Amino acid sequence: LFTNLEREEAVEYGKHMDIVFEEYARRFGDFRSRRGELNNFYLVRTRQDYVNLMGRMGFDASASGGMFFRGPLGSGLATWTQGIPRERTLSVLQHEGFHQFAAQYIGPSMPVWVNEGLAVYFEQARVINGKLKTGIAEPYRIATIRSAVEKKKEMSFSSLLNISSWQWQEHMLSGSPLGSLQYTESWSIVYFLIHGENGKYSRAFQQYLMLLSKGRSHEQAYAQTFGEGSEPQFEERWRKFLDELEPDDFSLAMERLEFIGEGVAYYHQKGVQIPDTIEGIRKMLTDHQFAMSYQPSHGAPKVVTRASDPEIWTYTDNRGKEHAFELAPPRRDEVLPRIIAPRLHPTPSIQFKRQDDGTLGSALV
């Protein structure tokens, strides 16, 4: 870990990425490192620090939010923290971190659709109680791909599964709607292969990746694993899966907790007295008309969330019953009580800690 952050903050990020790496290694335990090297992690304070660092490594990073890089002057995973919500920083690290892992353990034969689809799959994961929870299906991603399919604007299976890195980059640089959609559609196919029909295809997907790691082309690995000429049937099953796919309760709870946490941290910094009940916090954010709009990665449509929406303040437990979020006493180094969803397992919560720049940060744990 190479950093100019304060040690305690940097170590937290380092430990987080070790947990992420352990999940990569668990899922791909049969793959072997091609280089036997440690994974370099460059974490700097400001965007300018990041641009300067990558410039010294021989890369123009002025238009990027973080990257896995490999060149004659070095290799690693790099991003910055200042001005970026912590959860967004972690998502970038998990996305780019998968590319780093894939380059070392799976190799250069990996098609861009599966490399990016898996990167988005892990980007959405969250560390809860010291373990990485995967399989999260965020609402806006489902809505995005479902809308594209309904409007017949999705990419055909054949074109996506055989897309070249050059074509992928062209979609990004041209401003085409496909620039964003190719990430979401690739994620949806990966999600289907891992979770579709109760995991029916997960073993075959693992075998497909193993064949790629041994140097087989996509065409060879696909034909050997799924059967030559099976793309039409494959696509039909994927479309049926999309029709039935709903956001999971855990991801909805996390999304709402993160929103409330951002609101509390914002008004605490403004000097507003934070109420000591969840109903008081709800009233405070609603009275201030607190709302957040953000544009997810890779140009997806903006999402707007408002405190006045009653659904924001509830979650559904593992048995399908609705509950209100609750407060729990703060732990060591925490400034305010935690906000928790105690009847979900694992139990997600928002903690509030003072950051080294003096601001209050909220984080999902």
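The values are calculated or read from the model by the stated rules, or taken from the named source; none is laboratory data. Here the structure is a predicted model, which is why all the values come from computation and not from measurement. Cβ atoms come from the backbone with ideal geometry, glycine included; neighbour counts cover every protein chain shown. To get the accessible areas, we keep the full protein, side chains included, count just its heavy atoms, and leave off ligands, DNA and RNA. Shrake-Rupley method; radii C 1.70, N 1.55, O 1.52, S 1.80 Å.
The one condition from (1) modelled with pLDDT of 90 or more; (2) crowded, with 20+ Cβ neighbours inside 10 Å that Lys153 does not meet is (2).
Taking the residues in the stretch 116-139 that are assigned to a helix (DSSP H, G or I) and farther than 14 Å from Glu185 by Cβ as candidates, determine which candidate is most open to solvent (accessible area, probe 1.4 Å).
Here is the first cut: in the stretch 116-139, the ones assigned to a helix (DSSP H, G or I) are 116-123, 139.
Going one step further and asking which of them are farther than 14 Å from Glu185 by Cβ, we end up with 122-123, 139.
Numbers: Phe122: 3, Glu123: 13, Pro139: 32 Å².
For the stretch 116-139, the residue satisfying everything is Pro139.
Residue under question is Phe28, and the condition is that it be at pLDDT below 90 and aromatic (Phe, Trp, Tyr); does it hold?
yes
So which of Tyr121, Tyr105, Tyr140 is hydroxyl-bearing (Ser, Thr, Tyr) and modelled with pLDDT of 95 or more?
Working: Tyr105 fails: modelled with pLDDT of 95 or more; Tyr140 fails: modelled with pLDDT of 95 or more.
So the residue among Tyr121, Tyr105, Tyr140 that is hydroxyl-bearing (Ser, Thr, Tyr) and modelled with pLDDT of 95 or more is Tyr121.
Looking across the stretch 233-251 at every residue that is at pLDDT 90 or above and either of a type in the set (S, T, N, Q) or open to solvent by less than 40 Å² (accessible area, probe 1.4 Å) (or both), the one that is farthest from Arg146 (Cα to Cα) is identified as Gln233.
Residues in the stretch 318-328: is at least one over 27 Å from the mean Cα position of the chain (by Cα), surrounded by fewer than 15 Cβ atoms within 10 Å (Cβ to Cβ) and of a type outside the set (S, T, N, Q)?
no
Going through Ile312, Ile350, Ile260 one at a time, which residue ends up being surrounded by 15 or more Cβ atoms within 10 Å (Cβ to Cβ), of a type in the set (A, V, I, L, M), part of a strand (DSSP E or B) and within 27 Å of the chain's Cα centre (by Cα)? Quick ask: steps written out before the conclusion?
Working: Ile312 fails: part of a strand (DSSP E or B); Ile260 fails: part of a strand (DSSP E or B).
The unique qualifying residue is Ile350.
Only one of the numbered conditions (1) in a helix (DSSP H, G or I); (2) in contact (Cβ under 8 Å) with a residue 12 or more places away in the chain; (3) open to solvent by 20 Å² or more (accessible area, probe 1.4 Å) is not met by Gln169, and that is (2). Count of the stretch 5-58 residues, restricted to those that are over 30 Å from Gly215 (Cα atoms), in contact (Cβ under 8 Å) with a residue 12 or more places away in the chain, of a type in the set (Val, Ile, Thr) and open to solvent by 30 Å² or more (accessible area, probe 1.4 Å), is 1.
Being open to solvent by 60 Å² or more (accessible area, probe 1.4 Å) and without any contact (Cβ under 8 Å) to a residue 24 or more places away in the chain is the requirement here; does Gly175 meet it? So Gly175 passes the test. Taking the stretch 217-232 as the range and being touching a Phe, Trp or Tyr at 6+ places or on another chain (Cβ under 9 Å), open to solvent by 40 Å² or more (accessible area, probe 1.4 Å) and more than 16 Å from Ile194 (Cβ to Cβ) as the test, the residues that pass are Gln224, Glu228, Glu231, Pro232.
Within the stretch 346-363, being touching a helix residue (DSSP H, G or I) at 6+ places or on another chain (Cβ under 9 Å) and either among the β-branched types (Val, Ile, Thr) or more than 20 Å from Val272 (Cα to Cα) (or both) holds for Pro346, Pro348, Ser349, Ile350, Asp356, Thr359.
In the condition set (1) surrounded by 21 or more Cβ atoms within 10 Å (Cβ to Cβ); (2) touching a strand residue (DSSP E or B) at 6+ places or on another chain (Cβ under 8 Å); (3) without any contact (Cβ under 8 Å) to a residue 40 or more places away in the chain, Gly97 is compliant with all but (3).
Working only within the stretch 269-280, note down all residues that are of a type outside the set (Asp, Glu), in contact (Cβ under 8 Å) with a residue 24 or more places away in the chain and either under 17 Å from Pro329 (Cα atoms) or not in a helix (DSSP H, G or I) (or both).
Here is the first cut: in the stretch 269-280, the ones of a type outside the set (Asp, Glu) are 269-275, 277-278, 280.
Now drop any that are not in contact (Cβ under 8 Å) with a residue 24 or more places away in the chain, which leaves 269, 274, 277-278.
Result: Ile274, Thr277, Ile278.
What about Phe68, is it touching a helix residue (DSSP H, G or I) at 6+ places or on another chain (Cβ under 8 Å) and surrounded by 19 or more Cβ atoms within 10 Å (Cβ to Cβ)?
Details: touching a helix residue (DSSP H, G or I) at 6+ places or on another chain (Cβ under 8 Å): yes; surrounded by 19 or more Cβ atoms within 10 Å (Cβ to Cβ): yes.
So Phe68 passes the test.
Of all residues in the stretch 64-77, none that is in contact (Cβ under 8 Å) with a residue 40 or more places away in the chain has its Cβ atom under 9 Å from the Cβ atom of a residue that is of a type in the set (Asp, Glu) and surrounded by fewer than 16 Cβ atoms within 10 Å (Cβ to Cβ), 6 or more apart or on another chain.
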